[in-house]
Every structure is written in structure tokens, then in C-alpha cells.
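For reference, the structure discussed in these notes is given below.
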Amino acid sequence: MKKTLLFIVLSLIQLAADAQVRFIQTNDLSDYETVLETVKQQDKLLWVAIHEDQGDFRKMYFDGVFKDQALSRLSSVYTNVAINVDGEMGLRFQEIFAFDELPSFLVLNADEFVIAKIDGYQSAANLYSLLNEAAKAPYYYDSLLLAYQAHELSEAQWIDLLELYALNFDYNSTCLLALEYLNTKEADSLLMAPSIEILAAYGVDLETPYPDLVLEHIDTIKAAVKGFDLNAYQAQAMDYNLDLAIANKDSKLMKKAIDRFLKPPYCPADSLETCEENFQRVYAYNSSDFSLYQEMIRQKADGMAPTLSAEFLFDEAYEITENYNSKQAKEAAYQLSAYSNQKKASFKARMLMAYSKYLSEDYNQAKIDLSLAKELISNPKELESANKLEKLIEDKE
């Protein structure tokens, strides 16, 4: 009997020594859905580790992080899943969440709502704290949402709501919620904690006074908000307002964003022109509003010698013709090629004008421009090109 008892005790000691966090490796959608269904049935929490083949996740294993007994015991109340970032599920998670570093550890409730997240190499103590805090109130967001709908959120609850919302929804959506919070504050409290942190993170919408407030009080914000990075703020603000300008085809907002945010450190002083060109292209190509883009290109061309100016304008017009098919793009290509021809008359500029009108189904104008192009023919290859376009136009009439 004593020998049996001794064996049981020794076995238990060995099990405790061998105890470690064990993850279910889940790389494809079907496996993940199976695990998720079990989590829902048991109303458990899901602990997800997004990792690379090598890297810090592997190092954490070698360093014994997952052998910590307290962490192992706590993790047993979770369903623990490891997902390779390059697998099917890893790619899906990347589409939803931003990972500053890998591994990334997320805690989700049975509704698949993220309630906690931490990135990078972690100690056992850090992971224990993450899991322990998450387990205390896995459905805290639901109660916050009810308080929000009833307009009864306290200051602290507002901050908690924004933090949880940001874990589950994209930056632009979180900005809209943050604006609601900022709009509840008196002007003199916006540069005080905790409002100043929300202002620094989400005060980017140029249709509000908040970007000007941020840019006018950079030193105050840097002193109050740990890790505030002006370069990152400018980049985020530029992207946010670019998206808004594209969605609304708002060239004035685009111009305002360029004036406010395309400055050092985000855009180096010796690259300001290139930065503006790049953003103007993105705006024009995605909104089909080429007004600002054409104005910028024409102004740049006006500062060049005629021959160089004509080549530059032609290249820009050709790029638009080759890659974009909207009505506005075709008209922009026509106008820029016409300005190229104005700078220096050329067969290729006139041909591009004719081709742009052909694509726009304005065959009468296409024939006029083609006729003028023929007057500039200087070799058999150009004659062949003109004849081909003429045949295309005739076939459409």
C-alpha cells in the first residue's frame, strides 16, 4: 500500500514538473472552426498565439516560458490555439488584426470578440497577467455597449470601450467612436489626461478642429503621451483623410491633408514634391477625380524646358491611358497629351490624343486628332500606327 501511495505521489510530482502550456496547432479554416465550435459549446475563452516558423515563439519554448506552473494551470481553463502566420488562418487573422511584432497573443471570448492582446516575446508573468485579467470579465464589452447606448458611460468606461473597440474594429471605425468621446469634452480638458491620449491617437479628422489642436501642441502631447511619434501621427492622419477624400471625391480635403501633414518628419524636406505627387496619384486613380493631379502635373511641366516638359506630360498621359479606364481618366489623359503637344508638337502626343478620344467613344474628335497626327508622320512605323488606329475608328462607326 505504501509503495502504491509513493508511486502515485511521485507520478503527481512528475506530472507537475512536466506540466506546460499546450497549444493546438490550427492552420486551416476547418480546424479553426472545429475548435471554435467546441469553445462556444463549453463557453470557454480562446487563447490564440500567432507565430512564425522560427522567431520568438520558438525561443519562448526553449526558454521555458510555457513550462511555468502557474501559467500552465491558468491556461487549462482556456482553449489554447497556435496559428502559423503564413498559413490559411494566419493570413485571415492578418487581414483583421495589426501585429506590431510576432508572436502575437490574443484572448477571445466565445463570441470570438477579442478582449486582450499583446505582441512580441513575453515572460510567463506577462502572459499570466494577460490571461488572468481577461478571465475576470470576458463579456465586459457587452455591458459597456449597453451603457454607451444609454449615454451613461463614465470617463473610465469610455476609455475601456475605446480600447476594446480598437482591438476588434479598424482604425477608421474607431476614429468615429473616438470623435464622439472627444466631442463630449470641454476644450480646456482635451490637453489633459486621459483625453490627451485619445486626442493624440485619434484626432486626425480634418473636418474637426482636432488635428490643428494636435499640431499646435506637439510638445505638450510628447510630454504627456508616452511613445507619441509625430511621424506615425502624420502618416495615420494622412491615410485617414486620404480614405475620406477618395470616398467623397473631395479634392479640397485632399489638398488640405497634403498641406497639413506632408511635412517633416513624415515627409523629408527634400522629398516634399515626390510625396505630394505620390499621394495625388493615389487620390486621382482611386477617386477618378484628376483635377488636382492635372493641376500639379501642369505646374511641374511649366517649370521645365519645352522638350523635357512635353516628354514629361506625354509620359504621365500615357501612364493614365494604360492603367485606368474611367471616363475622367480618359479625359485627363487627353488634356495632358494635348498640353504636351502644345509644349512641343509631336506625332506621339497627337496620336495619344486621338487614342484617348477613341477610348472615350468620341470618334469625331478622334478622327480630327488622328488627321493632325498624320501631318507629323516622319517614318513608316508611325504611318503604320496611324493606319491601325484609323481602322479601329472606322470599325466603330
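Any read-out appearing in this document is the output of simple, stated calculations on the displayed coordinates, not a laboratory observation. Since this is a predicted model, take the numbers as computed values, not measurements. Every residue, glycine among them, receives a Cβ derived from its backbone with ideal geometry; neighbour counts consider all protein chains shown.
Figures for the structure shown
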quantity	calculated
Length released on extending from Lys263 to Asn132, taking residue separation times 0.36 nm less the Cα-Cα span	42.8 nm
Of the chymotrypsin sites (Phe, Trp or Tyr not before Pro) in the range 160-203, those whose Cβ has at most 11 other Cβ within 10 Å and which sit in DSSP loop	none
Loop-located GluC sites (Glu not before Pro) in the range 325-379 whose Cβ has at most 12 other Cβ within 10 Å (DSSP)	Glu361, Glu375
Trypsin sites (Lys or Arg not before Pro) restricted to the range 308-390 and DSSP loop, no more than 16 other C-beta within 10 Å	Lys344
Mean shadow area of the range 261-397, taken as a quarter of the surface of its Cα convex hull (nm²)	8.9 nm²
Radius of gyration and Dmax over the Cα atoms of the range 66-151, both given in Å	14.5, 46
Virtual spin-label span in nm between Ala150 and Asn379, 7 Å along Cα→Cβ	8.1 nm
Inter-label distance for Lys44 and Leu392, nm, one decimal - labels placed 7 Å from Cα along Cα-to-Cβ	6.3 nm
Per residue, the convex hull volume that the Cα atoms of the chain enclose (Å³)	236 Å³
Segment Glu197-Asp142, extension gain: residue separation times 0.36 nm, minus the distance between their alpha carbons	17.4 nm
Beta bridges by DSSP in the chain, antiparallel share as percent, to the nearest 5	55 percent
Inter-label distance, nm, simple model (7 Å from Cα along the C-beta direction), Asp28/Lys300	4.8 nm
Compactness of the range 143-261 as Cα Rg over 2.2 N^0.38 Å, two decimals	1.07
Between 0 and 90°, nearest 10: helix 363-374 axis offset from the chain longest Cα axis	70 degrees
